[in-house]
Amino acid sequence: MRSPARNAVPAADPAAPAVVVEPLFDNQAVSSARALPLYMQLAQHLRQLIMGGAINDRDALPAERELAERFSVSRVTVRKALQSLTDEGLLQQRQGAGTFVSAPPRVEQPLSVLTSFTEDMQSRGLTAGSVWLDRTTGTASSDEALILGLSLGERVSRLRRIRLANGVPMAIENSVVPSRFLPDPGAVSGSLYDVLRARGHIPHRALQRLSATSLTEDQARLLDTQPGSPALHIERRTFLPTGGMLELVRSSYRGDAYDFVVELQLSAPSIPSRHDSEAGS
Ligand code: 16G
């Protein structure tokens with residue numbers, strides 16, 4: 001996870017972004033002695049500082065002129081480096097205001113534990129939030145009815161929201177829950193799982209399918225990043241302790257925000273027993 005920027009000077013207005021000061025930068029990072037074009041070396045250095053958490057999301061970078069002096073390169077080189085990081089979605093250049101870091105907190109998510117988004121963020125000291133796009137009820141589509149094991153005509157609640165970590169958009173989530181478990185989607189303002197648990201419907205087990213994708217223009221706009229950026233499409237099917245299906249969720253997670261981590265264990269039959277190893281020696 002990202003740590004607070006060590007060398008950022010808080011601006012006078014606490015809500016305003018901090019400006020990154022010079023000692024953070026390594027002026028040896030860009031050198032004409034290396035084969036890589038100067039703008040790529042500069043972009044690489046800034047990328048490492050951003051990805052390593054040394055410069056935080058929403059921090060402002062110094063002006064082009066200062067960066068050029070600091071790294072002894074031309075302003076054209078600085079401009080090209082900033083543009084390539086902007087194209088990658090790591091920076092945002094705002095007319096008249098400057099250049100700002102636009103990197104979400106990076107979250108490592110174990111794949112073997114069933115948790116809610118709110119719990120995932122809380123366990124990392126981040127505040128979970130949602131921007132609601134839709135909360136509706138309706139008749140299950142044939143696709144939803146088949147997956148959720150419903151009869152045709154049964155009703156479902158649909159929740160569509162952008163999930164935020166410390167105010168930064170991380171994922172777009174489309175959840176469908178049979179109405180018998182959640183008759184009023186308006187009852188969910190924070191955590192869906194908290195509302196379901198309070199109603200006695202405990203998310204007990206889930207199956208998840210992950211696939212690589214890239215963000216459409218609409219998705220990128222909602223996630224405050226560039227169209228075409230890498231993303232993970234996740235479909236989760238969550239079951240009750242009784243085996244019935246509780247929710248179907250299809251989400252798009254920003255590829256630059258999430259690392260999904262899986263624990264692997266040696267399967268039992270291939271662990272050599274003491275007897276085998278002694279026999280072989
Ligand atoms: C996670 C789940 C989602 C669940 C949500 C509930 C994945 C891929 N998805 O985002 O299925 O609906 O948590 O979160 O892990 P909430 O209780 O904070 O609303």
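Yes/no matrix, rows are residues, columns are (1) touching a residue at least 60 places away in the same chain (Cβ under 8 Å); (2) touching a His at 6+ places or on another chain (Cβ under 7 Å); (3) more than 29 Å from D259 (Cβ to Cβ); (4) within 14 Å of the ligand (Cβ to nearest atom):
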{"residue": "L146", "(1), (2), (3), (4)": "no, no, yes, no"}
{"residue": "L150", "(1), (2), (3), (4)": "no, no, yes, no"}
{"residue": "R155", "(1), (2), (3), (4)": "no, no, yes, no"}
{"residue": "R160", "(1), (2), (3), (4)": "no, no, no, yes"}
{"residue": "E173", "(1), (2), (3), (4)": "yes, no, no, yes"}
{"residue": "P185", "(1), (2), (3), (4)": "no, no, yes, yes"}
{"residue": "L192", "(1), (2), (3), (4)": "yes, no, no, yes"}
{"residue": "S214", "(1), (2), (3), (4)": "no, no, no, no"}
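Within 24 Å of L126 (Cα to Cα) and either at pLDDT 90 or above or crowded, with 19+ Cβ neighbours inside 10 Å (or both): which single residue out of T216, T225 fits that description?
Result of the check over T216, T225: T225.
For region 194-209, which residues satisfy the criterion of being of a type in the set (G, A, S) and within 10 Å of the ligand (Cβ to nearest atom)? Write out each step before concluding.
We begin by selecting, within region 194-209, every residue of a type in the set (G, A, S); these are 198, 200, 206.
Across region 194-209, the qualifying residue is only A206.
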Looking at (1) in a strand (DSSP E or B); (2) without any contact (Cβ under 8 Å) to a residue 60 or more places away in the chain, which is the only condition V177 fails? (2)
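Mind checking which strands (runs of 3 or more DSSP E) fall wholly inside region 1-113 and carry at least 1 residues that are crowded, with 17+ Cβ neighbours inside 10 Å and modelled with pLDDT of 90 or more? Give the steps one after another, and end with the answer.
Values: elements: 91-94, 98-101, 107-110.
Qualifying strands (runs of 3 or more DSSP E): 98-101.
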Can you tell me which residue among D224, D218, D194 is part of a helix (DSSP H, G or I), of a type outside the set (A, V, I, L, M) and within 19 Å of the chain's Cα centre (by Cα)? D218
Is there a residue in region 194-208 that is within 30 Å of G228 (Cα to Cα), at pLDDT 95 or above and not basic (K, R)? no
What residue, among those in region 125-144 that are away from the ligand (no atom under 13 Å from the Cβ) and part of a loop (DSSP other than H, G, I, E, B), is most open to solvent (accessible area, probe 1.4 Å)? G125
Does P230 satisfy the condition of being at pLDDT 90 or above, over 23 Å from V177 (Cβ atoms) and open to solvent by 50 Å² or more (accessible area, probe 1.4 Å)? yes
Do you know which residues across region 246-258 are aliphatic (A, V, I, L, M) and within 12 Å of the ligand (Cβ to nearest atom)? L246, L248, V249
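When you check A171 against the structure, is it crowded, with 16+ Cβ neighbours inside 10 Å, of a type in the set (G, A, S) and not in a strand (DSSP E or B), yes or no?
Working: crowded, with 16+ Cβ neighbours inside 10 Å: yes; of a type in the set (G, A, S): yes; not in a strand (DSSP E or B): no.
No; evaluated as a whole, the condition is false for this residue.
Quick check on region 249-261. Is at least one of its residues more than 30 Å from Q48 (Cα to Cα), at pLDDT 90 or above and open to solvent by 70 Å² or more (accessible area, probe 1.4 Å)?
Applying the first criterion (more than 30 Å from Q48 (Cα to Cα)) to region 249-261 yields 249-250.
Now narrow it down to the ones that are at pLDDT 90 or above: 249-250.
Okay, now just the ones that are also open to solvent by 70 Å² or more (accessible area, probe 1.4 Å), so 250.
Looking through region 249-261, at least one residue is more than 30 Å from Q48 (Cα to Cα), at pLDDT 90 or above and open to solvent by 70 Å² or more (accessible area, probe 1.4 Å).
The values are calculated or read from the model by the stated rules, or taken from the named source; none is laboratory data. Not measured: the values here are computed from a predicted model. We place every Cβ from the backbone using ideal geometry, glycine too, and count neighbours over all the protein chains shown. These accessible areas exclude ligands, DNA and RNA; they are computed on the full protein's heavy atoms, side chains included. Shrake-Rupley method; radii C 1.70, N 1.55, O 1.52, S 1.80 Å.
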